[in-house]
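The values are calculated or read from the model by the stated rules, or taken from the named source; none is laboratory data. Since the model is a prediction, treat every value here as computed from it, not as a measurement. Cβ coordinates were reconstructed from backbone atoms using ideal geometry, including for glycine residues, and neighbour counts include every protein chain displayed. Areas reflect the complete protein model, heavy atoms only, side chains present, ligands, DNA and RNA absent. Shrake-Rupley method; radii C 1.70, N 1.55, O 1.52, S 1.80 Å.
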Amino acid sequence: MSIPTVPEHSFATWRALRWFVLFHLALVLLVAGLFLYDRELSLLGSTHPRLFGIVLLLYMAAIFVSGVLLLRQRPPPVDQVAFALFVDVIALTLLMHSSGGINSGLGLLLAISITLGSLLV
């Protein structure tokens, strides 16, 4: 009698990854909306607004690529999470820098993203 095994990439894994990508999409759309809504009063991009805008566009593109990779279910989920975390660390650090550093509060988003990624891995 053999013990049934769970497939390495089960439906639950892909579903959790889908939620992770949707979280990133919601995050980047919220940050973009706040950045574009009221640029005079916003802390977002206050130090280097051009850098903030460029990084935000590249971050959106990376999330789009993540979504396409998710739909194709290639590469494996662990690699997709590693890619997402790599992009998050770089993008959120640059967004935080262009918004005046740690006082901007964007560091919390980095902590949330790393926590979610750790749970998925």
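The table that follows gives values for the structure above.
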read-out	value
FRET efficiency, 1/(1 + (r/R0)^6) with R0 22 Å, evaluated for residue 78 and residue 57 via beta carbons	0.20
Spread of Cα-to-Cα distances over 10 Å intervals beginning at zero, given as percent, for the chain	13, 43, 26, 12, 4, 2, 0
Label zone at residue 65 (point 7 Å along Cα-to-Cβ), backbone N below 16 Å, segment 79-121	79-92
Computed over the chain: relative contact order in percent, which uses C-alpha pairs under 8 Å that are six or more apart	32
Summed side-chain charge close to residue 71 - residues other than residue 71 whose Cβ falls under 14 Å, Lys, Arg +1, Asp, Glu -1	+4
Cleavage-rule hits (trypsin sites (Lys or Arg not before Pro)) in segment 1-109: DSSP loop, at most 14 neighbouring Cβ within 10 angstrom	39
Between 0 and 90°, nearest 10: helix 107-120 axis offset from the chain longest Cα axis	10
Helical mean residue ellipticity (222 nm; -39500 (n - 2.57) per DSSP H run of 4+; nearest 500) of the chain	-25000 deg cm²/dmol
Apportionment of accessible area to carbon and sulfur, the chain, percent (1.4 Å)	72
